[in-house]
Amino acid sequence: MSTATRRSGVARQPAKGVLKDIRLFATDVDGVLTDAGMYYSESGDEWKKFNTRDGMGIKLLQRAGLITAIVTQERTRLVARRAEKLAIPELHQGIMNKLTVVREMAARHGLTLRQVAYIGDDVNDIETLKAVGFSASPADGLPHVLKVVDYVCRKNGGEGAVREIAEMILAAQGVTIESHLSLVKSSRSGRRA
């Protein structure tokens, strides 16, 4: 989408053609998959809260054939465990230049940046958000980010923003509610995302 069609702070529907071509979905962690909080116990343990609906959105994208990725500046065992649980094939932690990693991922999978969707919330995501085919931010992303993305979610980070984007991509690619149900039934039962 052109910069002229981007509006800050307003959720809007992107062109279906853009979403229909998406083959790789990448996300930041803190402020997107989580609420941006960092919680520490007295003993020094770190905790993060992930939304299971976001997890199911990632699983549905995978079942529809999309490649999923996490690209984050942080490096934690918690994120590695979450990526493992969701079977996310592309986990990139401790990344200072996210765009370079996203470019390399796309090339490795034979894709162009136009076929990549990325959701981020902070200034270290801006370069990547500007370069990909479809960019989004949770509703509570920083103002500088909201100005450059193609879509501002109705949901906040850690509260379903990733699921919102996943459902938009799936709908544009012709995956209906009935298709969602068959994708879920074909997965292993009893496991929460």
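Every number in this text was worked out from the coordinates using simple rules, so none of it is lab data. Because the structure is a prediction, the values reported are computed rather than measured. Cβ coordinates were reconstructed from backbone atoms using ideal geometry, including for glycine residues, and neighbour counts include every protein chain displayed.
Against the definition (crowded, with 16+ Cβ neighbours inside 10 Å and of a type in the set (V, I, T)), how does T34 come out, yes or no? The answer is yes for T34. Within the range 103-121, the residues that satisfy the criterion of being aliphatic (A, V, I, L, M) and either more than 17 Å from V162 (Cα to Cα) or surrounded by fewer than 21 Cβ atoms within 10 Å (Cβ to Cβ) (or both) are M105, A106, A107, L111, L113. Among the residues in the range 145-167, are any touching a helix residue (DSSP H, G or I) at 6+ places or on another chain (Cβ under 7 Å), farther than 18 Å from L33 by Cβ and not in a loop (DSSP other than H, G, I, E, B)? Looking through the range 145-167, none of the residues is touching a helix residue (DSSP H, G or I) at 6+ places or on another chain (Cβ under 7 Å), farther than 18 Å from L33 by Cβ and not in a loop (DSSP other than H, G, I, E, B).
Residues in the range 87-102 that are crowded, with 16+ Cβ neighbours inside 10 Å and under 14 Å from T76 (Cβ atoms): L91, H92, Q93, I95. Within the range 40-60, restricting attention to residues that are crowded, with 17+ Cβ neighbours inside 10 Å and of a type in the set (G, A, S), the residue that is nearest to L86 (Cα to Cα) is G55.
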